[in-house]
Amino acid sequence: MGAPFNSIFSWLIKKRVHQIDLFKKHPIEVQNELLVSLVDDAKDTEFGKKFGFSKIRSFEDFKKQVPLQSYDDLLPYIERIKAGKQNLLWPTEILWFAKSSGTTHQRSKVIPVSKESLQECHYKGGKDLLGLYYANHPQTRLFTGKHLIIGGSSEINYFNQKSYFGDLSAIIVKNLPWWCEWRRTPSREIALMSQWEEKLDKMAKETVKEDVRILAGVPSWTLVLLKKILKEQNTDNIMDIWPNLELYMHGGVNFEPYSNQFKQIIQSENMNYVQTYNASEGFFGIQDLVKSDDMLLMLDYGIFYEFIEQDQWHLDQPETLSIAEVALGKTYAIVISTNAGLWRYKLGDTVTFTTLFPHRIKVVGRTSQYINVFGEELMISNVEKAIQETCKTLKCAILDFTVCPIFMTKENKGGHQWLIDFEVLPENLEQFATHLDVNLQKLNSDYSAKRTNDLSLQKPIINVLKNGTFYEWLKSKSKLGGQNKIPRLQNDRIFAEEILSIDATRH
């Protein structure tokens, strides 16, 4: 069935590429029309009536009438929808809730998922990803093999008889169309297992028998599975197991710190890596160019975008910009309004635009992911770039890391403590700390100023963790699985002390 399927897909993608070209050429018009359509659809909801959606005809009207929303602002509505009430944020019935992942918040959020957001955003993003890949690689044979998706915990839970929640991957697996389910591995029974370690073991055993051509998942957890398979099959090259493997679709975290590890274990010049930007709240971006490090912002997925400039992040109701007003090179926080009823919702992610017309972006961090204890304003993008350059120079490799402050005392200056799980240790840790410090100073002038003559910041302190400590910490928090991530930057020592405590007990 491979050849007919490829022919059908080729025909479908030509139609879709025309639509993508439309929003690439006319982003402002597409987004403005989308906003009017969204508020018109929701004008009779409780939220829509409260904020006068029926009178909104423009972006300026929208900004004047609807205040920016945090998750806590929307939570009273979400709690009532969970209990079975409808037509509060969105007109169609909301039955599904995606449990957000990550470890930067002590409590998980649950994000409403409408049938429109599932079909017109999440599934559309998956189809477009493969379609754009096909457009760039017309000779591909992807669709004659299997797709291995390393998702999070796929257990479905019930709020009541009609409301369900789980990781976004659980909701997607539960609702996949037949033609996609037919190509997916492992079996639904294994994919829906909630115990990550048992699931990992069964995934490794089942998938080695398949003709896997596509991998998808967060880099750190994908590596865990691939290394387990390599060990069990007694080889150092995944191509020995899946000779037709061609594509890895990754997202969730910056791929650069992991890229060398993937190239070491997937030894093929024909392997392609494509970046995506999706979350529980929506599917936002796809790498549309070969060997690129930015993504096309997808403007026709039922999501209206606004952007907040960095100097206004601290304000309760900052000024927002539309897609028509953004500039290259600046860092913006994203605000979204969606076809699942998230209205002017502060997503927390930060991006920069690399091109305009078409609008391509890089995700550079989160508004909460930075360290600014001493006025150093160290951003996640600075940290990841510095550690990448340091590892490249010193020929070492990192599996995972987190950074926390060392607070000033009467006797000691403040500083940053780096907790690092190395895959390949540097020859000299002091040299590693020096290189890291120099690279950080090159990338961030505020950090450099605070480091001048050890003014208020001492040189980074490096703690080498035993291999697997981060895994054990996530396990202690019941956060094993494909969507959970290590918090990179913290302004307190809560997580760091927990991690150090676990490391101290391991042999």
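Read-outs throughout are calculated quantities, based only on the coordinates presented, and are distinct from any laboratory measurement. Note that this is a predicted model, so its numbers are computed, not measured. Please note: Cβ atoms are built from the backbone with ideal geometry, for glycine as well, and neighbour counts cover all protein chains shown.
Before moving on, here are some points about what is shown:
- Computed E for His26/Lys82 - FRET, C-beta separation, R0 56 angstrom, nearest 0.05: 0.90
- MRE, 222 nm, helices only [DSSP H, n ≥ 4, -39500 (n - 2.57), over the chain, to nearest 500]: -11000 deg cm²/dmol
- Loop-located chymotrypsin sites (Phe, Trp or Tyr not before Pro) in region 348-377 (DSSP state other than H, G, I, E, B) with a sparse environment of at most 12 neighbouring Cβ atoms within 10 Å are absent.
- Pairs exceeding 30 Å between alpha-carbon atoms, taken from Lys205/Lys392; Lys395/Lys459; Lys228/Lys392; Lys64/Lys477; Lys124/Lys362: Lys205/Lys392; Lys64/Lys477.
- Phi to ³J(HN,Hα) by Karplus 6.51 cos²θ - 1.76 cosθ + 1.60 over region 189-197, Hz, x for Gly, Pro: 4, 6, 4, 8, 5, 9, 7, 4, 5
- Based on the Kirkwood approach, the hydrodynamic radius assigned to region 239-353 is 16.2 Å, with every pair of different Cα atoms included.
- DSSP finds beta bridges in region 371-505, and of those with both partners inside it, around 60 percent are antiparallel.
- Distant-in-sequence amide H partners of Phe422 (H built 1.01 Å from N, under 5 Å): Leu399, Leu465
- Stretching the chain fully between Ser54 and Ile461 yields a gain of 140.8 nm (0.36 nm per residue, less the alpha carbon separation).
- DSSP beta bridges confined to region 117-286 are antiparallel in about 30 percent of cases.
- The length gained by stretching the chain between Thr434 and Asp492 to full extension, at 0.36 nm per residue less their Cα-Cα distance, is 18.5 nm.
- Beyond 20 Å in Cα-Cα separation lie the following of the pairs Lys99/Lys162; Lys199/Lys475; Lys109/Lys227; Lys227/Lys485; Lys291/Lys385; Lys231/Lys485: Lys109/Lys227; Lys231/Lys485.
- For the chain, the share of DSSP beta bridges that are antiparallel, to the nearest 5, is 65%.
- 5 angstrom amide H check on Gln69, placed H, neighbours 5+ away: Tyr345, Lys346
- In order along region 414-427, the phi-based Karplus estimate (6.51 cos²θ - 1.76 cosθ + 1.60, θ = phi - 60°) of 3J(HN,Hα) comes to x, x, 10, 9, 9, 9, 10, 9, 7, 7, 10, 6, x, 5 Hz; Gly and Pro are listed as x.
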